[in-house]
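Chemist: Can you read through this structure? Questions will come right after.
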Amino acid sequence: MDQSELLYGRAVKVMPGGVNSPVRAYRSVNMCPRFIARAHGPFVYDEDGRRYIDYVCSWGPMILGHNHPVIREAVEKAVKDGLSFGAPTKREVEMAELMVELVPNIEMVRMVNSGTEAVMSAIRLARGATGRDKIIKFEGCYHGHSDCLLVNAGSSALAGGHPSSAGVPEDIVKHTLTAQFNDLASVEALLDAWPGQVAAVIVEPVAANMGVVGPAPGFLEGLRRLCDQSGALLIFDEVITGFRLALGGAQAYYGVKADLVTFGKIIGGGMPVGAYCGSRALMEQVAPCGPVYQAGTLSGNPVAMAAGLAQLTYLRDHQEIYPELNRKAVWLAGELRRSAEKHGVSVAVNQVESVLSPFFVPTEVTRFTDAKGSDLQRYAQYFAGMLRRGVALAPAQFEAMFLSAAHTEAELEETAQAADQALAELVS
């Protein structure tokens, strides 16, 4: 029995499922989770010292790779000054100024502690600013675990919300409406069904929680148009895409303006942090300026701000990272497709910049209904084959692979070879 198995045996006695976040439990791939002891560059190392090429990247924020010296040194310096003050700091101001400089169409920033908190607060602000209650989200898009967003779609796109978690009252989600990603008609139908009642449409500009599914041409532009026509606000949940698709996020990448934008751990170099941002007119409706209340003792934590400043400043000063990341991702996606075709395995590989995912389906994946057709057993077998060969993927089909600047040609070649062998096993 290895150390991960021993630790998991202890963990299940004191933590639900042995983990502090469900996907870490490896249940969808029928394995014992790997317990990670340390990480550096493109690698993570488990408690037995096994090295894995990491494509989880702490679910996205490690765009520079693990334990980057610039970020580590900034954190070490900040820690010497103290861990938390519960008071304003210079770093908060510098961080907000930098974000306003880099992200199109935002004038003010409110720091919080996670992507979930950022989205929850943005929804509250949208409702407070518009005086409306209903929101539209998309099936298969994940926006954190706040009550009003834990909703499954009904059989009809016009159905009201139904909780997808125990403990969420029907009354809380009755104002959450679900549309289909990449289907503007489903959004328009909801807006027509509840005229003047929708506060906001919230979307992942690139859906990365149903696997990776990019927006169809005109989809984001169509959302902007529909929101303008209906008086609803458009919220981009950029917890995944922010500072990863481009330095200015999805707004810069796609040239579409959002009213509110949310960010997560990438603005903290992987440390617990989030933010919601928008125009001065909207953001000054947040307390203490306005009537929309939101607060947090650890918001703008000085150590997290130091890490985030270091990462975003590095990205600003080294923008050549972005085309290089895309080049690597295009190459790796191409290798996965070639291996799948060679071995006769039905795999669709979606890739948008440095985020990609393979789906074990025979058709293209452009919306959640396509993604749901993926062969989960085959993904689990593929995952296990990759892990045995020293490649760590997300332990669930409907999560993304993330590349970092630390992944070199050597790691990409090793990954491609491992994938070729793992796919060959599926038909042997």
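The values are calculated or read from the model by the stated rules, or taken from the named source; none is laboratory data. Keep in mind it's a predicted model, so treat the numbers as computed, not measured. Glycine gets a Cβ as well: all are built from the backbone with ideal geometry, and neighbour counts include every protein chain shown. Ligands, DNA and RNA are excluded from the accessible area calculation, which covers all protein heavy atoms including side chains. Shrake-Rupley method; radii C 1.70, N 1.55, O 1.52, S 1.80 Å.
Chemist: For the stretch 330-423, what is the charge dipole size about the Cα centre, in debye to the nearest 20, if Lys and Arg each add +1 at the Cβ and Asp and Glu each add -1 at the Cβ?
Modeler: On the way: 8 positive and 12 negative charges, 69 e Å.
Using Cβ point charges on Lys, Arg, Asp and Glu, the stretch 330-423 gives about 340 debye.
Chemist: Over the chain, with a Gaussian network built from C-alpha contacts below 10 Å, which listed residue (259, 147, 171) shows the highest mean-square fluctuation?
Modeler: Of 259, 147, 171, the Gaussian network model singles out 171 as fluctuating most.
Chemist: Among rounded, prolate and oblate, which fits the stretch 245-286 when a ≥ b ≥ c are the square roots of the eigenvalues of its C-alpha gyration tensor, a/c under 1.5 means rounded, and a/b larger than b/c means prolate?
Modeler: On the way: a/c = 3.47, a/b = 1.11, b/c = 3.12.
Oblate is the answer for the stretch 245-286, as a/c is 1.5 or above yet b/c matches or exceeds a/b.
Chemist: Can you tell me the length gained on complete extension of the stretch residue 338 to residue 425, counting 0.36 nm per residue apart and subtracting the Cα distance? Don't jump to the answer; show the numbers that get you there.
Modeler: On the way: separation 87, 0.36 × 87 = 31.32 nm, distance 1.53 nm.
Full-extension gain reported as 29.8 nm.
Chemist: Which lysines, if any, have their Cα less than 26 Å from the Cα of residue 257, not counting same-chain residues under 8 positions apart?
Modeler: 134, 137, 265
Chemist: Restricted to Cα positions, what overall size does the chain have along the principal axes? Three whole-Å values, descending.
Modeler: In descending order, the Cα extents are 59, 55, 47 Å.
Chemist: What lysines sit close enough to residue 90 to cross-link, taking a C-alpha to C-alpha distance under 18 Å and skipping anything fewer than 8 places away on the same chain?
Modeler: 77, 80
Chemist: Within 10 Å of each candidate Cβ there may be at most 16 other Cβ atoms; applying that plus a DSSP loop requirement, which chymotrypsin sites (Phe, Trp or Tyr not before Pro) in the stretch 1-88 survive?
Modeler: 85
Chemist: If you don't mind, there's one more thing I want to ask. If you find the alpha carbon centre of the stretch 284-312 and of the stretch 11-87, how far apart are they in angstrom?
Modeler: What the calculation gives is 23 Å, centre to centre.
Chemist: Would you mind calculating the relative contact order of the chain from Cα pairs under 8 angstrom and at least 6 residues apart, reporting the percent as a whole number?
Modeler: Relative CO of the chain lands at 21 percent.
Chemist: Then there's this: Hey, what did the stretch 29-178 get for relative contact order, percent, Cα under 8 Å, at least 6 apart?
Modeler: Dividing the mean separation by the residue count of the stretch 29-178 yields 12 percent.
Chemist: Still on this structure, please answer the following. Students sometimes get this wrong: rank 10, 316, 38 by accessible area, probe 1.4 Å, all chains present, largest first.
Modeler: Details: 10 165, 316 80, 38 135 Å².
So the residues, ranked largest to smallest area, are 10, 38, 316.
Chemist: Pop out the carbon and sulfur fraction of the accessible area of the chain as a percent, whole number, probe 1.4 Å.
Modeler: 52 percent
Chemist: For the stretch 357-428, state the average projected area of the convex hull of the C-alpha atoms over all orientations, rounded to one decimal in nm².
Modeler: Over all viewing directions, the stretch 357-428 projects a mean Cα-hull area of 5.2 nm².
Chemist: Can you pull out the chymotrypsin sites (Phe, Trp or Tyr not before Pro) in the stretch 283-355 that DSSP calls coil and that have at most 14 other Cβ atoms within 10 Å?
Modeler: Answer in residue order: 293.
Chemist: A further question follows. Relative contact order, percent, of the stretch 194-330 when contacts are C-alpha pairs under 8 Å separated by at least 6 residues?
Modeler: 18 percent
Chemist: Where the only charges are on Cβ atoms (+1 Lys, Arg; -1 Asp, Glu), what is the dipole of the chain about its Cα centre, to the nearest 20 debye? Please list the in-between numbers first.
Modeler: Working: 37 positive and 46 negative charges, 119 e Å.
Approximately 580 debye in magnitude.
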